[in-house]
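Here is the structure we will look at.
Just so you know, all these numbers are worked out from the coordinates, no wet-lab data involved. On a predicted model such as this, the values are computed, not experimentally measured, just so you know. Please note: Cβ atoms are built from the backbone with ideal geometry, for glycine as well, and neighbour counts cover all protein chains shown.
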């Protein structure tokens with residue numbers, strides 16, 4: 001009888017403590033839900049699972065030998081994903097090679113970072129005399145930076161490159177120094193510039209003007225982050241002024257792939273006797289953006305075909321996957337002041353992502369530590385995050401599937417009494433639920449893998 005009396009007293013004490021703490025618990029829960037709306041929100045980890053995206057892309061690089069992949073020519077070749085820099089294919093990618101007019105990618109980067117588009121540029125005698133591919137600029141002619149950039153990236157004009165270089169740095173030599181400093185800043189270890197246009201004949205003959213396929217792809221990836229650069233290199237043709245003439249200059253893009261294939265978005269062609277045919281390509285399809293580089297091809301047809309082969313092969317390495325369905329039950333969490341009752345948390349929206357075959361995908365489920373009551377249908381109580389090879393690629397909010405009312409005083413007393421009975425070993429409901437504790441994740445069951 002004494003034991004029963006002691007239990008009764010303890011039960012009342014604990015029940016009263018529970019009643020006193022309900023305000024604190026509710027406040028904590030409300031703060032957790034409010035915080036859930038912030039970008040920096042973090043909850044307790046309720047579950048982690050992982051799997052590998054089906055397909056063969058993960059086998060493209062063989063250990064200790066040449067990687068398998070597309071059959072392409074060229075002396076230096078690479079293909080990478082623009083978003084994350086992932087290398088999908090490479091061959092001779094670190095070999096220093098002459099790069100002809102693909103040099104102008106760096107020239108354009110520095111111009112866009114240093115000059116406004118409407119700036120007026122007076123062409124010098126030196127710039128007008130560069131030769132070969134040109135706009136036929138004349139000494140003293142005045143053009144806008146934008147029109148010169150069209151000449152640089154659409155027509156691949158060498159006189160435009162020199163005029164822009166002089167406007168940025170005062171003279172070509174100082175501009176070349178800026179080019180090499182930018183290369184160092186971007187980590188382009190196998191790159192060195194000697195001029196802003198890429199010519200390798202006559203007074204520009206040198207073995208000190210080179211890059212590698214890897215460096216050039218990284219440079220193009222960097223350049224394509226600029227909206228103006230993307231607009232310029234995707235221009236099929238443009239008409240710019242020709243002062244003193246009755247007609248204007250009509251510039252057609254040297255990149256024959258633009259307009260030929262709907263997914264091609266750039267970037268830059270190049271050719272000299274020493275460099276061979278070069279092409280930095282870019283394409284975007286179904287949310288995937290790729291950059292390709294082919295240096296030292298034997299013909300224009302070959303470099304175009306190899307670029308198409310690289311990009312098409314790269315796109316085939318990706319699979320579109322439904323990671324979550326809208327309304328899918330992802331996890332179930334304990335309901336405060338209930339004996340074993342669970343609240344299903346469901347995905348607020350569908351999630352579809354295009355993922356590289358062979359990637360390891362990790363799914364991490366986070367939930368609030370103490371959901372405050374009452375709960376309405378659709379209250380945010382967690383997140384599910386997906387990472388590809390450790391990098392976050394998407395997240396979706398988890399919401400309550402049903403409503404939960406505020407417990408009555410009797411509900412609270414019954415809950416704490418039930419907890420006491422379980423503690424003393426006299427029966428009662430499952431005691432795994434521990435409200436107010438954050439030292440371990442909230443107990444979660446019913447995980448549903450995507």
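Just subtract the alpha-carbon distance of residue 122 and residue 305 from 0.36 nm times their residue separation and send over the number in nm, one decimal. Could the numbers behind the result be given before it?
Details: separation 183, 0.36 × 183 = 65.88 nm, distance 3.97 nm.
Full-extension gain reported as 61.9 nm.
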| request: Using a Förster distance of 41 angstrom, determine the FRET efficiency expected from the C-beta separation of residue 360 and residue 403, and round it to 0.05. | output: 0.60
| Quick one: if you stick a label point 7 Å off each Cα along the C-beta vector at residue 129 and residue 322, how many nm between them? | 6.9
| Two-decimal log10 I(q)/I(0) for segment 182-233, as the Debye equation yields it once each C-alpha is a single scatterer, q = 0.14, 0.32 Å⁻¹ | -0.43, -1.15
| Can you sort 235, 206, 103 by how many other beta carbons sit within 10 Å, fewest first? | 206, 235, 103
| message | Along each principal axis of its Cα atoms, how long is segment 294-397 end to end? Whole angstroms, biggest number first, please. | response | 76, 22, 17
| query | Label points 7 Å out from Cα along the Cβ direction at residue 236 and residue 56: separation in nm? | reply | 3.5
| note | What the Cα atoms of segment 97-142 span along the principal axes, largest first and in whole Å, is 35, 26, 14
| All-pairs Cα distance distribution in segment 67-316, expressed in whole percent, bin size 5 Å | 1, 7, 15, 20, 21, 17, 11, 6, 2, 1, 0, 0
| query | For segment 67-316, what relative contact order do you get, as a whole percent, if you take Cα pairs closer than 8 Å and at least 6 residues apart? | reply | 26
| said: Two decimals, Cα atoms only, Kirkwood Rh: what is Rg/Rh over segment 226-351? | reply: 1.33
| note | Note on segment 67-316, DSSP bridge orientation, antiparallel percent to nearest 5 equals 95
| request: Using only Cα positions of segment 263-331, each an equal point scatterer, no hydration layer, compute I(q)/I(0) via Debye at q = 0.18, 0.21 Å⁻¹ and quote the log10 values to two decimals. | output: -0.69, -0.84
| request: Work out, step by step, the length gained on full extension between residue 114 and residue 173: first 0.36 nm times the residue separation, then minus their alpha carbon distance; give nm to one decimal. | output: 19.6 nm
| request: Between residue 48 and residue 394, with labels modelled 7 Å along Cα→Cβ, what's the label distance in nm to one decimal, could you check? | output: 2.1
| Extended-chain gain in nm, criterion 0.36 nm per residue less alpha-carbon gap, residue 84 and residue 205 | 39.9 nm
